[in-house]
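Just below is one structure, and these are the notes that go with it.
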Amino acid sequence: MYISKPMYMNGRILKGIGGFYYVDTPQGTIECKARGKFRKTIGKPIVGDLVELEVQSDGTGYLLEIQSRKNSLIRPAVANLDLVVVVATEAPPKTEPFLIDKVIAIAENKGIEPCVVLNKSDLASNDSLYEIYQQVGIPVFRISAKTGTGVEELRTYLNGKAAAFAGNSGVGKSSLLNCLIPDFGAETGLISDRIGRGKHTTRHVELVPYAGGYIADTPGFSSFDTEQMDLVLREDLQYAFREFEPYLMQCQFTGCAHVKEKGCAVLAAVEAGKISRSRHDSYVKLYESVKDLKEWKLGREGKR
């Protein structure tokens with residue numbers, strides 16, 4: 001692209017590496033460096049940021065301003081997501097509900113809509129997991145990346161949204177992404193090849209334009225490395241399980257942890273079958289892992 005004088009436009013960061021940022025704009029992908037004093041305001045630019053840039057006569061640009069983020073994750077570092085899609089399955093290797101629920105809790109806490117995609121439906125019914133998340137009101141899809149069953153319904157749901165995919169090894173996340181975007185792995189390597197930085201760059205988060213939105217290639221999310229994910233503080237955790245909400249003000253004692261307390265309305269709802277025992281078990285496990293966590297330990301820069 002050649003322009004005779006600098007021009008200004010808006011775009012979204014697709015990838016950032018080595019001090020360079022690759023921004024999706026109406027004029028195509030533009031390589032930029034940062035010029036603004038972001039560290040004193042919103043912080044370092046990250047993938048997904050909506051930015052204003054100045055494009056030079058040689059077709060490269062400078063980031064001038066980062067718009068306010070509607071949400072962001074620390075690990076993986078990505079902003080302005082509409083969806084976190086958890087890919088799981090009841091076929092071997094079966095996904096533990098706790099892993100699904102941890103990612104959902106992170107998404108809920110950040111104000112990002114969660115979605116569960118149950119893959120390998122040609123090998124297992126996925127009925128158990130389907131019923132859990134359908135009851136909660138979380139969008140859930142049964143698909144087979146191998147046969148294509150259910151993929152079009154998911155494709156329609158993703159239209160126009162910025163979505164990050166998470167999934168433990170063996171659930172077919174890569175197969176699903178390649179089903180949605182042929183040669184997805186190759187797509188994520190295009191920028192890396194163009195700037196000559198080698199295959200190691202695939203460990204970085206990258207957005208791939210898709211159906212009016214974006215799909216995030218988030219290597220840090222692929223293995224469900226729960227120690228590296230964002231954490232939810234104890235006092236926020238109860239709100240990250242949406243089905244608890246009708247019962248939170250009904251507990252006998254203020255400050256109820258909803259773990260084993262007398263007069264807990266959440267526990268009563270679990271016993272009555274109104275809240276999935278599997279989901280509550282995940283809540284208790286998460287609560288125990290963060291009950292002594294202090295806010296200053298979280299590295300709250302990702303919550304701006």
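The values are calculated or read from the model by the stated rules, or taken from the named source; none is laboratory data. Just so it is clear, the structure is predicted and the values come from calculations on it, not from any experiment. Positions of Cβ are backbone-derived with ideal geometry, glycine not excepted, and every protein chain shown enters the neighbour counts. Just the protein is used for accessible areas: all its heavy atoms, side chains included, with ligands, DNA and RNA removed. Shrake-Rupley method; radii C 1.70, N 1.55, O 1.52, S 1.80 Å.
Here are the numbers:
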| read-out | value |
| --- | --- |
| Residue list for segment 94-123, restricted to those being under 15 Å from Val151 (Cβ atoms) and basic (Lys, Arg) | Lys120 |
| Wholly enclosed strands (runs of 3 or more DSSP E) of segment 1-83 bearing at least 3 residues within 28 Å of Lys110 (Cβ to Cβ) and among the aliphatic types (A, V, I, L, M) | 7-17, 50-55, 61-66 |
| Close pairs from segment 37-61: first touching a residue at least 60 places away in the same chain (Cβ under 8 Å), partner in a loop (DSSP other than H, G, I, E, B) and crowded, with 22+ Cβ neighbours inside 10 Å, Cβ under 7 Å, at least 6 apart | Val47/Val205; Gly48/Leu81 |
| Selection within segment 262-275 - open to solvent by less than 60 Å² (accessible area, probe 1.4 Å), farther than 22 Å from Leu129 by Cβ and part of a loop (DSSP other than H, G, I, E, B) | Gly263, Cys264 |
| Hits in segment 144-171 - residues which are within 24 Å of Leu73 (Cβ to Cβ), assigned to a loop (DSSP other than H, G, I, E, B), touching a Ser or Thr at 6+ places or on another chain (Cβ under 7 Å) and open to solvent by less than 80 Å² (accessible area, probe 1.4 Å) | Asn168, Val171 |
| Of all residues in segment 3-47 being of a type in the set (D, E, K, R) and more than 16 Å from Tyr214 (Cα to Cα), the one that is most open to solvent (accessible area, probe 1.4 Å) | Arg39 |
| Among (1) open to solvent by less than 40 Å² (accessible area, probe 1.4 Å); (2) outside any loop (DSSP other than H, G, I, E, B); (3) under 23 Å from Tyr247 (Cα atoms), the one test that Ile138 misses | (2) |
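Listed here are the residues, each with its yes/no results for (1) in a loop (DSSP other than H, G, I, E, B); (2) touching a Cys at 6+ places or on another chain (Cβ under 6 Å); (3) more than 30 Å from Tyr287 (Cα to Cα); (4) at pLDDT below 95.
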site: Ser125; (1), (2), (3), (4): yes, no, yes, yes
site: Leu129; (1), (2), (3), (4): no, no, no, no
site: Gln134; (1), (2), (3), (4): no, no, no, no
site: Leu176; (1), (2), (3), (4): no, no, yes, yes
site: Cys179; (1), (2), (3), (4): no, no, yes, yes
